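Just below is one structure, and these are the notes that go with it.
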Amino acid sequence: GQQLNQSPQSMFIQEGEDVSMNCTSSSIFNTWLWYKQDPGEGPVLLIALYKAGELTSNGRLTAQFGITRKDSFLNISASIPSDVGIYFCAGPSNFGNEKLTFGTGTRLTIIP
Amino acid sequence: DTAVSQTPKYLVTQMGNDKSIKCEQNLGHDTMYWYKQDSKKFLKIMFSYNNKELIINETVPNRFSPKSPDKAHLNLHINSLELGDSAVYFCASSQMGSSPLHFGNGTRLTVT
């Protein structure tokens, strides 16, 4: 089946630093989604990407849909404490939009 | 004004028991889901219902039986609970054909 691998698996950064993470797939995706999960809560959609090469921003977050359609990137600029959490990429399976495959997650920790 | 709500938030029970988790969404979506998140935070789809009809049924043991009385509700009943069922179960909803899922805050199930 489809697999989404995220790297890095975890990150420890200081407040104010920029963050970069990526997601790679063994097959082509037509949509890329980035979610964030805070402790004790469900994942919340951050950014949705629908076209190869697309670059989309949401505040300090910027995500890109890779040209090969097999990868996507998420950048966070000037990190703040509330950025702590687990970031997941996701994409619809061959079945369709109703079956999302989630990545393995990147856990972001901010060191005081 | 909670969008996707699950009850209970925590569920601790013994092996062999039967338990249910309830989910309701007030977003007017026509599709609802159950996802399981294991101890490594990996999110995997279990079931999906569209307008009360089952459309996705992953290879989940038949001890798990979802029920959708109407398109705003999707409950999950689990029979003969096993230790390996311990996880966080997330309900989600979306509008068919539109990828972004809206998640509830999860039910942490602990089987002892």
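The values are calculated or read from the model by the stated rules, or taken from the named source; none is laboratory data. Note that the structure is a prediction, hence the values are computed from the model and not measured. Backbone-built Cβ (ideal geometry, glycine too); neighbour counts: all protein chains shown. These area figures cover heavy atoms from the full protein model, side chains too; ligands, DNA and RNA do not enter into them. Shrake-Rupley method; radii C 1.70, N 1.55, O 1.52, S 1.80 Å.
Between B:HIS73 and A:VAL84, the distance separating the two model label sites (each 7 Å from Cα on the Cα→Cβ line) works out to 3.9 nm.
Which order do peptides B:72-83, B:9-20 fall in by mean Cβ count within 10 Å, highest first? Don't skip to the answer; put the middle values down first.
Values: B:72-83: 17.1, B:9-20: 12.8.
Peptide ranking by packing, descending: B:72-83, B:9-20.
Take each residue in B:38-48, count the other chain C-beta atoms within 10 Å of its C-beta, and the mean is 4. The alpha-carbon of A:LYS99 sits under 25 angstrom from the alpha-carbons of these lysines, leaving out residues fewer than 8 places away in its chain: A:LYS36, A:LYS51, A:LYS70, B:LYS9, B:LYS22, B:LYS36, B:LYS40, B:LYS41, B:LYS44, B:LYS52, B:LYS67, B:LYS71. Count charges around A:ILE76 for me, please; just the other residues with Cβ under 13 Å from its Cβ, Lys/Arg as +1, Asp/Glu as -1. Net of charged neighbours comes to -2. Between A:SER27 and B:SER80, the C-beta separation translates, for a Förster distance of 35 Å, into a calculated FRET efficiency of about 0.45. Does anything in the range A:36-61 have its amide N under 14 Å from the 7 Å Cα→Cβ label point of A:SER77, and if so which residues? Residues passing the 14 Å test: A:56-61. Take each residue in A:36-45, count the other chain C-beta atoms within 10 Å of its C-beta, and the mean is 5. I want the local charge near A:GLY40. Using Cβ-Cβ distances under 15 Å, sum +1 for each Lys or Arg and -1 for each Asp or Glu among the other residues. Taking every other residue near A:GLY40 into account, the sum is +3.
When you count the other C-beta atoms within 10 angstrom of each residue and take the mean per peptide, B:84-95, A:5-16 line up highest first as B:84-95, A:5-16. In this assembly, the B-A interface accounts for approximately 1800 Å² of buried accessible surface in total, computed with a 1.4 Å probe and without ligands, DNA or RNA.
Peptide A:74-86 shows a mean partner chain C-beta count of 0 within 10 Å per residue C-beta.
Give the separation of the Cα centroids, the range B:1-47 to the range B:55-112, in Å. The distance from the Cα centre of the range B:1-47 to that of the range B:55-112 comes to 5 Å. B:ASP85 sits among other residues whose Cβ lies under 13 Å from its own Cβ, and their net charge, with Lys and Arg +1 and Asp and Glu -1, is +1. Seen from a random direction on average, the alpha-carbon convex hull of the range A:27-112 projects onto 5.9 square nanometres.
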